[in-house]
Amino acid sequence: MAAKTTTPLGIDALTSEIPALEVPPTTSNGTGRQGLAEETEFEVPEGGFVLLNPNEVDREVGNTSRSETESLLDAPQLEEPGFEAVEENAVALDAIYASYPELLERDLLTTEVIIGQDQRTRILNTSTFPWNAICALKITAANGARYIGTGWLISPRTVITAGHCVYMHDQGGWPRSIEVIPGMNDAARPFGSGVATVFRSVQGWTQSKNRNYDYGAIILPNNYRPGARTGAFGFAVKDDAYLKAALLNLSGYPGDKGGNQQWFMAQKAKSVASRVITYEIDTMGGQSGSPVWLKIGNQRFAVGIHTNGATSGNSATRIVQAVYNNLMSWKAMGV
Amino acid sequence: MESNGCIKMQAGLVRWLIIPAFFLFIGCIAKSDKMATTGTVKGILVNSSGQPIADAVVMVAGGTGSFTDMAAITDENGAFYLSNITLPGSYSLQVQTGGASVQKNVQLTSSADTIRLTY
């Protein structure tokens, strides 16, 4: 599939207002563009799963029908646009790195990634944006097995995460429930928590178990709207050159830290493929579903959903047009 | 004529060697594809007395291929399930409980394996 080379798309009209000087730095050749032949892409065995028509891989599937979901959630008639709550005084590492990339370069020179040495930074204040919009997930599979993961709010009640957090092929498929805890900080739950039973993913994951389509959504119940207080991530489709040049931010709830603390790291991509972004940002089990985002001015745009670890590079499902369209649809379910 | 006959015989011999070799090669590729698969493996976490450890976090810290970054939580029997891992494979598992952690290396061959970890 050819990579997009069009003007980057934003979640709404705000994207077109981005001042040119706030665009993340380009590569040393000044253009940052590289040929498709230079890209690499992870392949995952599809052992025994259905090979779908390419037009069907991003077709939405859920554990409830749209009408059932509306009934379950008593969907409100009101519509509200996505937004980002920016705390002026917040200590935002992603903002610091975006403004002073030389600090990131310096930090990178002094340390290595877990594929070497651990570079993660703990987020001590998780009650400010964007950290408060990142959620710890406590997952109970259909068969009762328990897991931890990470998700991020894109609307008051919509949490985006990895497909394998909302559909586990060997554990009965859709989970029994997922508890969502925005901005969890050890025992503190600054925005409370909600238990969700409505989930969405796409056929490329649920039927083909294809790593390229590993993304999904959690729709929170009507009576729990944390995104209205925390703010919500934007999301965007960016072309290869842009992603290769940009600073990627990733924050989530790693299990090696207990799964109740949020840890952050930023770095440029290692490679960009048509459906996957690969990087050497440190991650551990529990960070599946974490946002991989760009900081542009005061706006945060997720460009990937962290899913996989590997000694050769950790990786995210890339937000391409089809993913973007589903996120827009799921966002509307959680207004 | 005799030379032509010899060449024809050699060409026939080569054909009979190449065709089976080609199918053998394809067969090997198919077999290697089948050998690597993803699956779920059950594990049990116990302490040095053999008692199950509940509510510990178990995750893959490194190993064969690419693995999903979801961590498992042990139940009251110490049981956990590692999902979407490539089998067979060698893995470094990290166990985190009570503020301390330890890494264990395991060799997994199939989903039928049960990992027994002593913390």
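Just give me the residues in region A:132-144 being buried (at least 24 other Cβ atoms within 10 Å of the Cβ) and farther than 19 Å from residue A:256 by Cα, in sequence order.
Correct list: A:132, A:133.
Where residues in region A:174-203 are under 14 Å from residue A:147 (Cα atoms) and not hydrophobic (A, V, I, L, M, F, W, C), which of them is nearest to the chain's Cα centre (by Cα)?
Residue satisfying both the conditions and the ranking: A:179.
Condition first: more than 15 Å from the chain's Cα centre (by Cα), more than 14 Å from chain B (Cβ to nearest Cβ), more than 23 Å from residue A:166 (Cα to Cα) and of a type outside the set (Ser, Thr, Tyr). Can you find one or more residues in region A:279-297 that meet it?
Taking every residue of region A:279-297 in turn, at least one turns out to be more than 15 Å from the chain's Cα centre (by Cα), more than 14 Å from chain B (Cβ to nearest Cβ), more than 23 Å from residue A:166 (Cα to Cα) and of a type outside the set (Ser, Thr, Tyr).
List the number of the failed condition for residue B:103; all other conditions in (1) within 11 Å of chain A (Cβ to nearest Cβ); (2) open to solvent by 70 Å² or more (accessible area, probe 1.4 Å); (3) under 19 Å from residue A:146 (Cα atoms) hold.
Here residue B:103 clears every test but (3).
Of all residues in region B:69-91, which are assigned to a strand (DSSP E or B) and more than 15 Å from residue A:259 (Cβ to Cβ)?
B:79, B:81, B:82, B:83, B:84, B:85, B:86, B:87, B:89, B:90, B:91, listed by residue number.
Would you check which residues across region A:266-278 are within 14 Å of another protein chain (Cβ to nearest Cβ), open to solvent by 10 Å² or more (accessible area, probe 1.4 Å) and over 18 Å from residue A:327 (Cα atoms) and list them?
If the condition is that a residue be within 14 Å of another protein chain (Cβ to nearest Cβ), open to solvent by 10 Å² or more (accessible area, probe 1.4 Å) and over 18 Å from residue A:327 (Cα atoms), then A:270, A:271 are the ones that fit.
Out of (1) open to solvent by 40 Å² or more (accessible area, probe 1.4 Å); (2) modelled with pLDDT of 95 or more; (3) at positive phi, the odd one out for residue B:98 is which?
Going through (1) open to solvent by 40 Å² or more (accessible area, probe 1.4 Å); (2) modelled with pLDDT of 95 or more; (3) at positive phi one by one, residue B:98 breaks only (2).
Quick one: would you say residue B:78 is away from chain A (no Cβ under 11 Å), more than 17 Å from residue A:310 (Cβ to Cβ) and open to solvent by less than 10 Å² (accessible area, probe 1.4 Å)?
Yes: the conditions hold for residue B:78.
What is the number of the single condition among (1) within 13 Å of chain B (Cβ to nearest Cβ); (2) at pLDDT 95 or above; (3) open to solvent by 10 Å² or more (accessible area, probe 1.4 Å) that residue A:311 does not meet?
Status for residue A:311: all satisfied but (2).
The values are calculated or read from the model by the stated rules, or taken from the named source; none is laboratory data. This one's a predicted model, so the numbers in the text were calculated from it and none came from an experiment. Using ideal geometry, Cβ is built from the backbone for each residue, glycine included, and neighbour counts are taken over all protein chains shown. The accessibility values were calculated without ligands, DNA or RNA, using every heavy atom of the protein model including side chains. Shrake-Rupley method; radii C 1.70, N 1.55, O 1.52, S 1.80 Å.
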